[in-house]
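Heads up: the structure comes next, in structure tokens.
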Amino acid sequence: MFKIITITITFFALFAANSHAQEKEMAALTPMGALGEFSEMEKQIIFNSLQESLSTHYALSSQKAFEAALAQAFEELDYEECTEDQCFALIQQILQVDNLFLFNMTREGTFTQLSLTRVDLDSQRLVRTAFCEDCSIGQLNMQVEGLVIKLITEDKKSVAGTKFIETPKPKEIPVPVQKPLQKSAPQIEPEPVSEPVVSAEEDSSADKTWQYVAASVTVVSALMSYNAAKSYNDLSSKNSVLSTQYSNSSSNSEQAAYKSEYDSNASKMKSYKSSSQTWDLLTLSGLGWTAYLMMNDNSESASSNHENSYSLYIPQLAFRKTLTGPQALLGWNFNF
């Protein structure tokens, strides 16, 4: 039993280490550019939506850190040396980020165009645009989120589509083998070695090992899903309180603090929801695995305990294969 618990703990430790290794990449967002008639409130709302969408996929540096890096870049480079690519590369080096995002809005009459550019460490650019005709601020927010998803999705497809060409292996030339002139001595066949006999207890324990592992995976996954769901519900209740406080507050600074905490909680809620769904899928897989192992047990009687180890008060559940199908047996063994 100790061996089974060790296998289960090792499995989940490796799974948690893999999840922790897949951390978000560092990124920076330049101040938004706007050309045309945009109000300050409209620009701020759209920029906040852009930050929220990018922060779900990247770890964004603050705007103050970007401004400080920009000032340092102007100090280190002369006016003639500070081209756009060189400045961006130096800013990425100062902030230690892999990606730099530029966002611009252009409006002419009722036509609005959104442009999002991603610059990597090699100064390679990936540009995607979206447009909207006579649309409201809510529609513009949806366009911003769709633009971020479109850029990230196409970037992943381009990386995943890279093919590797394998070099062909040289063909082996068969070497002719000369037959000996002398007759070979008669070969003596080795005596058959008897196979080791495995006791019934060891065979039954080996058969049950994977059932114990599947049950352990199911239980641990269910507990992890419960913890993620509980954290999600706690943040949801907290955001409900923050929403009430935001509505009742008359101070701009307090409202800004409430909104910042609300947005941070909303981002964490998305992460907890995704984690809960992942653990739910793993729990269902564990249940299916357990049921499959129990229904396909090759032993004559897949009892949960050995026939000589019945407890006095605990009922024993067993599954037996018959010609009509699997049967479940429940019984007690009393000793006087």
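Rule-based calculations on the coordinates, nothing more; no lab input. Computed from a prediction, not measured in an experiment: that's the story for all the values here. We place every Cβ from the backbone using ideal geometry, glycine too, and count neighbours over all the protein chains shown.
Each residue, residue 23 and residue 296, gets one label point 7 Å from its Cα in the Cβ direction; the gap between the two is 4.1 nm.
Listed peptides 125-137, 276-288, 87-99 appear in the order 87-99, 276-288, 125-137 once ranked by packing, highest mean of other Cβ atoms within 10 Å at the front.
Beta carbons within 10 angstrom, averaged per residue: use that to sort the peptides 112-120, 240-248, highest first.
Details: 112-120: 18.4, 240-248: 12.9.
The packing order, highest mean first, is 112-120, 240-248.
What chymotrypsin sites (Phe, Trp or Tyr not before Pro) does the stretch 25-83 have in DSSP loop regions with at most 10 other beta carbons within 10 Å? The qualifying sites are 79. Over the stretch 230-289, Cα pairs under 8 Å with separation of 6+ residues give a relative contact order of 41 percent.
Going by how many other beta carbons lie within 10 Å of each one, how would you line up 76, 37, fewest first?
37, 76
When 41, 224 are sorted by how many other C-beta atoms sit within 10 angstrom of their C-beta, beginning with the fewest, the order is 41, 224. Relative contact order, whole percent, for the stretch 19-157 stands at 27, derived from Cα pairs under 8 Å and 6 or more residues apart.
For the cross-link pairs 156/270; 43/259; 208/230, which exceed 24 Å when the distance is taken from alpha carbon to alpha carbon? Don't skip to the end; give the middle numbers.
Values: 156/270 21 Å; 43/259 17 Å; 208/230 33 Å.
Over 24 Å apart, Cα to Cα: 208/230.
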